[in-house]
Structures are given as structure tokens and as C-alpha cells.
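Some notes on the structure that comes next.
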Amino acid sequence: MKRFWKGIMEWKTGASLMYTGAMFFYLFFSWLYGTQEVPTAMLWALLLVSIAGSLLQAVCFSDWIIRKMRYTWRSVLFVALFLPTLSLTAWKMEWFPTEKAGAWAMFIGMFFLIFIVMTIGFDIYFRITGRKYDGMIGRYRKEKEENGE
């Protein structure tokens, strides 16, 4: 039960972070296009997309459901599940002129740009964290050797 609640808390945190990121993204484009108001429907749509996205992240990037899969394939699975979800929401909520191919190209391009930047960020974080733990393990082993254990 403790593991379940820990997972719920991580999912809630992920959804909150995703919602915050979506709001910053929306605010940037609102500023760019001179929009002064945020429709309530947009807030709900971003919240629902954030909840769905963080749930898909939990499915794709943890061992909660998928036990053994390479990170590359997990990333492909996430894109294959989240991009249609996001696109359907964008179409239904009319986030942009959906009848224009150029708008879709920009939307998909922005999706992949953000995905790539976040993937690189996570990779850098995990490399730094991995080096930190490798150093700690190295010091632990050295201390054990020196103590004759």
C-alpha cells in the first residue's frame, strides 16, 4: 500500500509540473499574440492533458507496468501515445487554426523540439546523478578495502 501511495504522489507531482510547464508555454504564446484572457476551457484542457501526460509518463518510464524495455523504445512508446492525445485535444479545443497545415506542422515541430530538449535534460541529469553515485560507491569500496573487510 505504501508503494501505491508513493506512486500516486509521484504522479501528482508529475502532473503539477507538466501543468506548470504548459501554463508557461501558453502564457508565452499569449504574450506573443497579444491575448489578454485565458478561457476557463483552456485551463481545464491543459489540466486534463497534464494528467494524461503524467500518467503516460508513469506507464512508459517506470517499471510500474513495463518491466523491461530500452529507454529508446520507452520514448517511442510515449510519443506514440501522447502525441495523438495532445493532437486530439488541440483539435477539439481549437488551440490554433486546425484547418491550416502550417499550424499543424508548427504544433508537431514544437512537440518534438520540447520532447528532445526534455530528453537531453533528463539524460544530463541522469549522467550527473550516476557519476555522483559511482563516486560514492567507489569511496565505499575503498574504505572497505582499507578496513580489511
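The values are calculated or read from the model by the stated rules, or taken from the named source; none is laboratory data. Bear in mind the structure is a predicted one, so any value in this text is a computation, not a measurement. Here the Cβ is made from the backbone with ideal geometry for all residues, glycine too, and neighbour counts use every protein chain on show. The accessibility values were calculated without ligands, DNA or RNA, using every heavy atom of the protein model including side chains. Shrake-Rupley method; radii C 1.70, N 1.55, O 1.52, S 1.80 Å.
Quickly run through segment 1-16 and pick out the residues that are open to solvent by 80 Å² or more (accessible area, probe 1.4 Å), in contact (Cβ under 8 Å) with a residue 24 or more places away in the chain and not charged (D, E, K, R).
Across segment 1-16, the qualifying residue is only 11.
For every residue, the table says whether it meets (1) open to solvent by 90 Å² or more (accessible area, probe 1.4 Å); (2) assigned to a helix (DSSP H, G or I); (3) closer than 29 Å to residue 6 by Cβ; (4) in contact with a strand residue (DSSP E or B) (Cβ under 7 Å, 6 or more places away or on another chain).
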site: 37; (1), (2), (3), (4): yes, no, no, no
site: 53; (1), (2), (3), (4): no, yes, yes, no
site: 56; (1), (2), (3), (4): no, yes, yes, no
site: 63; (1), (2), (3), (4): no, no, yes, no
site: 69; (1), (2), (3), (4): no, no, yes, no
site: 75; (1), (2), (3), (4): no, yes, yes, no
site: 80; (1), (2), (3), (4): no, yes, yes, no
site: 85; (1), (2), (3), (4): no, yes, yes, no
site: 128; (1), (2), (3), (4): yes, yes, yes, no
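Is it the case that residue 122 is assigned to a helix (DSSP H, G or I), surrounded by 10 or more Cβ atoms within 10 Å (Cβ to Cβ) and among the aromatic types (Phe, Trp, Tyr)? It would help to see each step written out before you state the result.
Numbers: assigned to a helix (DSSP H, G or I): yes; surrounded by 10 or more Cβ atoms within 10 Å (Cβ to Cβ): yes; among the aromatic types (Phe, Trp, Tyr): yes.
For residue 122, the condition - assigned to a helix (DSSP H, G or I), surrounded by 10 or more Cβ atoms within 10 Å (Cβ to Cβ) and among the aromatic types (Phe, Trp, Tyr) - is met.
Limited to segment 79-107, what total is found for residues that are in contact (Cβ under 8 Å) with a residue 24 or more places away in the chain and hydroxyl-bearing (Ser, Thr, Tyr)?
Total satisfying the criteria: 2.
Inspect segment 62-71 for any residue being within 21 Å of residue 126 (Cβ to Cβ) and within 12 Å of the chain's Cα centre (by Cα) and give the result as yes or no.
For segment 62-71, residues within 21 Å of residue 126 (Cβ to Cβ) and within 12 Å of the chain's Cα centre (by Cα): absent.
Filter segment 97-149 down to the residues that are basic (Lys, Arg) and within 24 Å of residue 79 (Cβ to Cβ) and list them by number.
Matches in segment 97-149: 100, 127.
Can you find even one residue in segment 92-102 that is at pLDDT 90 or above, within 22 Å of residue 118 (Cα to Cα) and not acidic (Asp, Glu)?
Among the residues of segment 92-102, not one is at pLDDT 90 or above, within 22 Å of residue 118 (Cα to Cα) and not acidic (Asp, Glu), which makes the answer no.
Checking residue 33 against (1) closer than 18 Å to residue 96 by Cβ; (2) in contact with a helix residue (DSSP H, G or I) (Cβ under 9 Å, 6 or more places away or on another chain), only one condition comes out false. Which one?
Result: residue 33 passes all but (2).
Report yes if residue 41 is open to solvent by less than 80 Å² (accessible area, probe 1.4 Å), aliphatic (A, V, I, L, M) and touching a residue at least 40 places away in the same chain (Cβ under 8 Å), otherwise no. Outline the logic, then answer.
Details: open to solvent by less than 80 Å² (accessible area, probe 1.4 Å): yes; aliphatic (A, V, I, L, M): yes; touching a residue at least 40 places away in the same chain (Cβ under 8 Å): yes.
In short, yes.
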